[in-house]
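The values are calculated or read from the model by the stated rules, or taken from the named source; none is laboratory data. As the structure is a prediction and not an experimental result, all values here were calculated from the model. Virtual Cβ from ideal backbone geometry, glycine too; neighbours counted across all protein chains shown.
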Amino acid sequence: MSCFANLTESTSHGREMAMRQAAVHCFWIVVAASVICFTNLGRPALWDEDEPLYASCAREMCQRGDWVVPYYNGEMFPDKPPLMFWTMMLGYQLFGVTELGARFFSAVFAVVTAVVTYQLGRRLFCAEVGFWAGLIVPSSLIFTVSARAATVDSALTLATLLALSGFVATGMGRLGSFGADELRSATGGAGGRRQQGGRVFGRRLLGGRSWWAWAWFWFWLAVAVLAKGPVGLLLPAASVGLFLMIMNSLGRQEAARRQSPGAGRTEPTAADPGGRGLSWWRRVWAYGLGGMKVVASVWSPRNFLASLWRMRPLSGMVIVAAIAGPWFVQVAARNPEMLRQFLAKFNWRPFTQPILGHSGPFWYYVPAVVIGFFPWSAFLGQSLVGLVRRFRTPGQWTPGHLLLACWIGVWVIFWSVCRTKLPHYLLPIYPALSLMTALFLHELIRFPQRANWRWLRLDLTSTMLVGVGLVVVFPAVAAFFVPSEWWLGLVGLILVAGAAVARRLAARRQVEWAVRVFAVMSVAWLTAIFGLAALRIDRHQVARPLMAEIEAAGQGEWQVAVYRFLRPSLVFYAGQPVAVLRNEEDVARFLACSPRPYVITLDEHGERLKRLLPGQLEEVSRRPRFLRPGEVVVLAPRRDSPRLLTADRMAPGRTR
């Protein structure tokens, strides 16, 4: 009895320590992510093109009291589903129609993503891997951009991550039809072990919560559909399906080996130690034949259908229809043309042809990830090599490693084949990249004797060189666009100093301290760029100060139009629909019919309008274009001028 009491007390103490450790880890992750995401979040103006475009849609939906059909500048906007606009509308209720209201929930979703990444890493591997991954994901470049932007990418990433977390909670889909002992044998011995706080992938997870975990999985896929459209469901489901197909294939192979112990080993192969004496062409043949057998086994119709059925597709269809279906039904009932454009033009067409010139080669996402995952991309090469080596070495991989490989592989292949390419399309795999990098760093800390110190020094040196490049190159670039802000390149010194200290610590074999310094450097660098330097660059944006000057000059009701110069930021900061004038006749008609009209255009077009209407127009404001040559001017009728000519009274030579 005393032995049982001691065991219970020991288990209780262990759980208490694990909970305390998890609380400390989550605290530091939330602090780091919040510093990056919320520092001066609402102070810069919205950045063209996407931010003010989506924020304007949410504002118009608020003004109309319509939570179903998005509108932009008075016209139907079928590009995106409604989740992003709903979150911004809630932000407007909290903070008003402001930059903070538009961006607030993107930052909140990013912080939650960091915490969920920690929990997923803790469940799949161990608490330390989860901790490093939770720090890495919010301190990568493109993730920070999305976290601080009024866009949908942060919400989509969180929905994808929560869905995959639900799948993990199912016991990784019950791992086929075999338990811990079989899994240990099929993976070479690693699958059934507990890894320092990680979960056992065996019978212990085959409990009765499976249906509820699958319901959680499909619920968040439905949310992803409301965030991005059908692709929000397709890619996570494909990743999970591929994982289950591989695990089911392993299960059948192991069952066959148990029934026939000699099966599959009647002759040596290149994959077996007994095949080392084979000639090179026999090795190639053996590898090729083995690969074809594996592919045939994984992609067999029976395995595909069995894996699909294990995902509870009928329950999933009901859940997705219940969550996402009402919006599609409402749109179809109110505006069938919008639904057609949404599905055909903005969901199917991007896969067949580039949209708005966003194209690239098949390898587009290699440099995109290297840049987007910076500064942690310094370790990305070694992390990827380490993951591949695990699969080539018996006993070194678990279902968690396979899930990461399927997660990353499906997204990269799908978007590489897609004709339209943008860096943020891969944002939902950044938690997986963070977990993969955290695995490498955790192994580096635990087993420094296995480290490739030459490559590690090269990784840290490359980060220093990027910092030096910022210090040297940014002033030269700024001279053309924002000459007064050349000194912002000094933020590169954060990279130089941080990587240099980390390199010094690594040389002394103080690897954990080196990783800590690198993490602090990443947080400080991104905060300096987006929380501080962005404020200086924001001083050169045009839309917000132009609209402030128009509002100060106008009395009573005033109307704004643009002539050959339309930017979403002008629409947002106007606070009202902006008329789009396509020719001089439209300009003359607008000036003659509006009580207090203002026309925003470029300087070259402004001079032409002044020649067409001599002595009748005056400049209200003139500002340099943001990051482009030329100037933006605001024109208005002179108050002491005679009545403006209407379009039908203008001289024939004055119009095109």
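Residues checked against (1) over 21 Å from Ser140 (Cα atoms); (2) at pLDDT 95 or above:
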{"site": "Trp397", "(1), (2)": "yes, no"}
{"site": "Gly400", "(1), (2)": "yes, no"}
{"site": "Ile408", "(1), (2)": "no, yes"}
{"site": "Trp411", "(1), (2)": "no, yes"}
{"site": "Cys418", "(1), (2)": "yes, no"}
{"site": "Pro423", "(1), (2)": "no, no"}
{"site": "Pro428", "(1), (2)": "no, yes"}
{"site": "Ala432", "(1), (2)": "no, yes"}
{"site": "Leu435", "(1), (2)": "no, yes"}
(request) Report those helices (runs of 4 or more DSSP H) wholly inside segment 117-210 carrying at least 1 residues which are more than 16 Å from the chain's Cα centre (by Cα) and either modelled with pLDDT under 95 or within 24 Å of Gly395 (Cα to Cα) (or both). (result) 127-136, 153-169, 180-186
(request) Spot the failing condition for Thr420; the list is (1) farther than 22 Å from Leu162 by Cβ; (2) of a type in the set (Val, Ile, Thr); (3) part of a helix (DSSP H, G or I), and only one is missed. (result) (3)
(message) Return the pair list, or none, for Cβ contacts closer than 9 Å from residues in segment 573-590 that are polar (S, T, N, Q) and at pLDDT below 85 to residues that are surrounded by fewer than 18 Cβ atoms within 10 Å (Cβ to Cβ) and assigned to a helix (DSSP H, G or I), at least 6 apart or on different chains.
(response) none
(message) Take the residues in segment 545-600 that are under 36 Å from the mean Cα position of the chain (by Cα) and among the charged types (D, E, K, R); name whichever of them is farthest from Phe626 (Cα to Cα).
(response) Arg564
(message) Cβ-Cβ distance below 6 Å, separation of 6 or more or different chains: which pairs start in segment 610-637 with a residue that is touching a residue at least 60 places away in the same chain (Cβ under 8 Å) and surrounded by 16 or more Cβ atoms within 10 Å (Cβ to Cβ) and end on one that is in a loop (DSSP other than H, G, I, E, B) and of a type in the set (A, V, I, L, M)?
(response) Arg623/Val542; Phe626/Val542; Val632/Val542
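Return yes or no: is Arg103 among the basic types (Lys, Arg) and at pLDDT 95 or above?
In short, yes.
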(request) Please give the number of the condition Trp67 fails out of (1) in a helix (DSSP H, G or I); (2) out of contact with any Leu (no Cβ under 9 Å at 6 or more places or on another chain). (result) (1)
(message) Looking only at segment 487-521, how many residues end up being surrounded by fewer than 16 Cβ atoms within 10 Å (Cβ to Cβ) and in contact with a Gly (Cβ under 7 Å, 6 or more places away or on another chain)?
(response) 1
(message) Only one of Ala286, Ala321, Ala306, Ala296 is at pLDDT 90 or above, in a helix (DSSP H, G or I) and assigned by TED's automatic domain parsing to the domain that holds Val223. Can you tell me which?
(response) Ala321
(request) Could you identify the single residue in Val523, Val468, Val491, Val515 that is part of a helix (DSSP H, G or I) and without any contact (Cβ under 8 Å) to a residue 40 or more places away in the chain? (result) Val468
(message) Need pairs with beta-carbon distance below 7 Å; first residue touching a residue at least 12 places away in the same chain (Cβ under 8 Å) and surrounded by 17 or more Cβ atoms within 10 Å (Cβ to Cβ) and within segment 13-39, second of a type in the set (D, E, K, R) and not in a helix (DSSP H, G or I); sequence gap 6+ or separate chains.
(response) Cys37/Arg148
(message) Just to verify a result, which residue in segment 386-408, among those that are in contact (Cβ under 8 Å) with a residue 24 or more places away in the chain and among the small types (Gly, Ala, Ser), is surrounded by the most Cβ atoms within 10 Å (Cβ to Cβ)?
(response) Gly400
(message) What's the total number of residues in segment 441-469 that are surrounded by fewer than 19 Cβ atoms within 10 Å (Cβ to Cβ), within 28 Å of the chain's Cα centre (by Cα) and polar (S, T, N, Q)?
(response) 2
(message) Taking the conditions exactly as written (farther than 15 Å from Leu120 by Cα and surrounded by fewer than 24 Cβ atoms within 10 Å (Cβ to Cβ)), does Trp376 satisfy them or not?
(response) no
(message) With the requirement that a residue be among the acidic types (Asp, Glu) and within 9 Å of Tyr563 (Cβ to Cβ), what does segment 575-601 give you?
(response) Glu584, Asp586
(request) State the number of residues belonging to segment 324-339 that are under 27 Å from the mean Cα position of the chain (by Cα) and either outside any helix (DSSP H, G or I) or not assigned by TED's automatic domain parsing to the domain that holds Lys228 (or both). (result) 1
(message) Every residue in segment 22-38 that is at pLDDT below 95 and either under 25 Å from Gly101 (Cα atoms) or under 21 Å from the mean Cα position of the chain (by Cα) (or both), please.
(response) none
